[in-house]
1. List the helices (runs of 4 or more DSSP H) that sit entirely inside segment 83-126 and contain at least 1 residues that are aliphatic (A, V, I, L, M) and in contact (Cβ under 8 Å) with a residue 60 or more places away in the chain.
2. Take the residues in segment 47-68 that are more than 27 Å from the chain's Cα centre (by Cα) and in contact (Cβ under 8 Å) with a residue 24 or more places away in the chain; name whichever of them is nearest to residue 114 (Cα to Cα).
3. Quick check on my filter: what residues within segment 24-78 are within 19 Å of residue 99 (Cβ to Cβ) and among the small types (Gly, Ala, Ser)?
4. Consider residue 71 carefully, then state whether it is without any contact (Cβ under 8 Å) to a residue 60 or more places away in the chain, among the charged types (D, E, K, R) and surrounded by 12 or more Cβ atoms within 10 Å (Cβ to Cβ).
5. Considering only residues of segment 269-288 that are out of contact with any strand residue (DSSP E or B) (no Cβ under 7 Å at 6 or more places or on another chain) and crowded, with 16+ Cβ neighbours inside 10 Å, which is nearest to residue 254 (Cα to Cα)?
6. Inspect segment 204-222 for any residue being under 18 Å from residue 338 (Cα atoms) and in a loop (DSSP other than H, G, I, E, B) and give the result as yes or no.
7. Can you name the residue in segment 302-341 that is acidic (Asp, Glu) and touching a helix residue (DSSP H, G or I) at 6+ places or on another chain (Cβ under 9 Å) and is also farthest from residue 248 (Cα to Cα) among such residues?
8. Would you mind stating whether residue 227 is touching a Cys at 6+ places or on another chain (Cβ under 7 Å) and not aromatic (Phe, Trp, Tyr)?
Amino acid sequence: MGALALQLRGIMGAIREGRLPARALAIADSRALVRTMFLASAVQVEVLPYLRDSRRLTEIVHYTGCTRPDRLRAWLGIGTELGELDVIGERYRVRGRRSRALAGGDQLLVAHYRSMLEYQVGPYGSLEEFLKGDSGMGRSDLSRFAGDIAQVSRAAEPFVASFVRQAVATVRPANVLDVGCGSAVYSRVVLDTDAQARVEGIDLAADVIAAARLELDQAGYGSRVTLHVGDAQRWSGASPTQFDLIMLVNNIYYFDPVTRCALYRDLGSHLTEGGQLLIVSMLFPGSIASAHLHFMLTCQSVTSSLPAPGEIENDLRQSGFQILAKQTLVPTEPFIGVRARKIQE
């Protein structure tokens, strides 16, 4: 029996079993998984920038400090089969769009793939343990991977930046507080939008704040922005400044839901008359991305979760705010921006 006949017999057998579509989908899933694992591991060993130029296998062995060239060759072979690498003889170089972007230093993509191995797969691999563990069990990803989380969250930056610029143009704030400022990307949006505005930012991650300070100083914003390391819930009482705009961008879900109304009231006490509170957040349910993030949040050692649709607005009203604007910011995602004003008593 020829090879073609054997293949046809195998196909017919699979069809008779009735699972061919499911198996085809599973194969496609596994290929996507292999690509993700290859790129994530490539980021981990920081080899792709080196492969922007054609390199011999012996050069790659030396560059990576490899002591098992057989394993390195096998790993490079995966990249070749995926189309992420080119190989001619013993020389390798980046080829695929993802690999070329990573090799070129796309920090959002670098953080995205690095977080795959170090952060995003963890709760899935330990699902049984999480489901059956005691109530105090949880991960500490929010502190361990703060830098990567801050970078990955910038995927929505073009949409969020437009909402922030609109708020700044409307409020014309002299002083802005950026709560959970992370890499201070939205502090910078404020500074670029209004040359008269000053910004204070606060975040728990000391290393992220240090990097943001350095970047802002080098860009010439140093005299208009002050960044603090700390917890906004404890810091707020120590600041004498009144703010015209307070921003909570991509971080309200890190606060325990039972404390959010108290947080809004506390921040409201630091608003000037007519000042506004701006909140940007993903909601759950509504998309695969939001379901994934919600699950990741529930697996942390602290109590955190995505707000449900309508929850932010209801909490703000209970906290004495009037909703001024609500917009869906990212197409196809339950990702919203809300602006509210403290109701004067």
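Taken together, the values in this text are just the output of simple stated rules run on the coordinates, not laboratory data. Predicted, not measured: the structure shown is a model, and the values here were computed from it. Reconstructed Cβ throughout: ideal geometry from the backbone, glycine too, with neighbour counts over all protein chains shown.
1. Ranges flagged: 97-103, 107-115.
2. Step by step, filter segment 47-68, then rank; the result is 60.
3. Once the filter is applied, which keeps residues that are within 19 Å of residue 99 (Cβ to Cβ) and among the small types (Gly, Ala, Ser), segment 24-78 yields 32, 40, 41, 42, 54, 74, 77.
4. So residue 71 fails the test.
5. 284
6. no
7. The qualifying residue farthest from residue 248 (Cα to Cα) is 333.
8. yes
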